[in-house]
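This report concerns only the one structure given below.
The values are calculated or read from the model by the stated rules, or taken from the named source; none is laboratory data. What you are looking at is a predicted structure, and each value in this text was computed from that prediction instead of being measured. Here the Cβ is made from the backbone with ideal geometry for all residues, glycine too, and neighbour counts use every protein chain on show. Calculation scope for accessible area: heavy atoms of the full protein, side chains included, ligands and nucleic acids excluded. Shrake-Rupley method; radii C 1.70, N 1.55, O 1.52, S 1.80 Å.
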Amino acid sequence: MPQSYDAIIIGAGVIGAAIALELSKAGYRTLSLDKNPAAGYGSTSSSCAIIRVHYSTLEGTAFAYEAYHHWRDWPAYIGNADERGPVEYRETGCLVMRTEHNGFLERNIAICSELGIPHEVWDGARIRQRLPIYDLTSYWPPKRINDEGFGEPGSGEVESGLYFPTAGYVVDPQLATHNFQRAAEANGATFLFGRTVAEILQENGRVSGVRLDNGEDIAAPIVVNAAGPHSFRINTMAGVLDDMTIATRPLRQEVVHLPGPADFDFYENAPVISDADIACYCRPDNGNHILVGTEEPDCDPLEWVDDPDALTRDFTEQWTHQAWRYGQRVPSLGIPGQAQGVVDLYDVSTDWIPVYDKSSLPGFYMAVGTSGNQFKNAPVAGRMMAELIAYCEAGNDHDAEPMRFELPIIGRTIDAGFYSRRRPVNADSSFSVLG
């Protein structure tokens, strides 16, 4: 007779582990499965783990601001079950450059004003006061280093930025996920590592469990796909793609690690920065280092990956383009001759907004399309998925009458249908990570 649980979560990254915690707190006997040797060892381990409160949509912003409060008060939220202690959250603030091409962030300002999120407009003098190493010359449009005109000034300067004091980053995303795991285990959850799901089992028109790569069957009336870059494969196994308007695909990403300039302590003094003018985002890192990612400008081809298990982790010329684009902003930056950083995958949805939803297969749920911009939302995403599962399993039709989801800390209610698998592509999305 196979083992049985109330719910199986496929994936023990930060989203999957958060779902395990919230379901176990709600009384479900859960099993989390992951092919890796420990929680958070997949794409989560490569995350820049930025905690920001700005999005291009009201719902996304409210979600993020609610989650921010959990990271700020992390030990109180997660408890003390982890022998390794709670992860550190560094509140550095986040500066987003205002440009003509992002509408000078007027939409973001309006959303943050409506939600009561602290924000300040900084002029060029204030930006230089915080970042004296910065050259605010405009280089729009972003270019690759072999493009004509790379490094030549565009029109004028970046004249202002929008600063969010309630932002920062988590120093160790894998430890944060381990915190989720230990808290879930303290509530009765089980984790099984080093196993791959080979089949989604079905019986009488609904999910009935999973079959593992070793042939073992595990029974459960609820299965949650939180498999990150492998989510498309799991959805394909379950046969739930036909009614989805939003697809997910693995996208290869390179994050550049650079030494900070010798004339400025970037680690102690710099915020997280999003700079649409050069299409880079960055954050400080320990040892006065800088992590630099891309904001997916038109000049950078997107490298979609058909087989996430065949990912090549060698750096490409993309590393050089990102490093030199950021070097335009920081003239004293030293760019090493040997590339350092991280190569990994995002699980990206059609409009870069995740799918948190049920599926066409009763009992099969999805938390997919989350990579790159949902690490910060894990505590709230986990709770919403737990409530959504309870809502649907009680007989409610989430497609016809979407669940209303409470954000008690900030005093808002959102329509959970915003994250539907069947939504139209959201034109308000920035279609990027930090844009």
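Descriptive notes on the structure:
- Selection within region 389-401 - open to solvent by 50 Å² or more (accessible area, probe 1.4 Å) and either touching a Cys at 6+ places or on another chain (Cβ under 8 Å) or polar (S, T, N, Q) (or both): ASN396
- Consider region 199-214 and keep the residues that are over 13 Å from GLY239 (Cα atoms) and polar (S, T, N, Q). The one that is surrounded by the fewest Cβ atoms within 10 Å (Cβ to Cβ) is ASN204.
- Annotation note: of ALA367, ALA378, the sole residue that is touching a strand residue (DSSP E or B) at 6+ places or on another chain (Cβ under 7 Å), surrounded by 24 or more Cβ atoms within 10 Å (Cβ to Cβ) and of a type in the set (Gly, Ala, Ser) is ALA367.
- Checking SER371 against (1) of a type outside the set (A, V, I, L, M); (2) closer than 21 Å to MET244 by Cα; (3) free of Cβ contacts under 8 Å to residues at least 40 places away in the same chain, the condition it does not meet: (3)
- Residue within region 217-229 that is in a helix (DSSP H, G or I) and either acidic (Asp, Glu) or in contact (Cβ under 8 Å) with a residue 12 or more places away in the chain (or both) present: yes
- Residues (farther than 14 Å from ASN235 by Cβ and in contact (Cβ under 8 Å) with a residue 24 or more places away in the chain) located in region 333-347: LEU333, GLY334, ILE335, PRO336, ALA339, GLN340, GLY341, VAL342, VAL343, ASP344, LEU345, TYR346
- Boolean, ALA394 is in contact (Cβ under 8 Å) with a residue 40 or more places away in the chain and closer than 27 Å to GLY209 by Cβ: no
- Qualifying residue in region 297-304 (condition: within 21 Å of the chain's Cα centre (by Cα), in a loop (DSSP other than H, G, I, E, B) and free of Cβ contacts under 8 Å to residues at least 40 places away in the same chain): yes
- Of the residues GLY103, GLY85, the single one that is within 29 Å of TYR326 (Cα to Cα) and either buried (at least 16 other Cβ atoms within 10 Å of the Cβ) or not β-branched (Val, Ile, Thr) (or both) is GLY103.
- Test: residue in region 256-277 that is of a type in the set (D, E, K, R), crowded, with 19+ Cβ neighbours inside 10 Å and in a loop (DSSP other than H, G, I, E, B): yes
- Flag if ARG325 is farther than 30 Å from CYS392 by Cβ, without any contact (Cβ under 8 Å) to a residue 40 or more places away in the chain and out of contact with any Phe, Trp or Tyr (no Cβ under 6 Å at 6 or more places or on another chain): no
- Number of residues in region 402-435 that are outside any loop (DSSP other than H, G, I, E, B), basic (Lys, Arg) and open to solvent by less than 80 Å² (accessible area, probe 1.4 Å): the value is 1.
- For region 59-75, filtering for residues that are over 16 Å from ALA381 (Cα atoms) and either part of a helix (DSSP H, G or I) or open to solvent by less than 10 Å² (accessible area, probe 1.4 Å) (or both) leaves 2.
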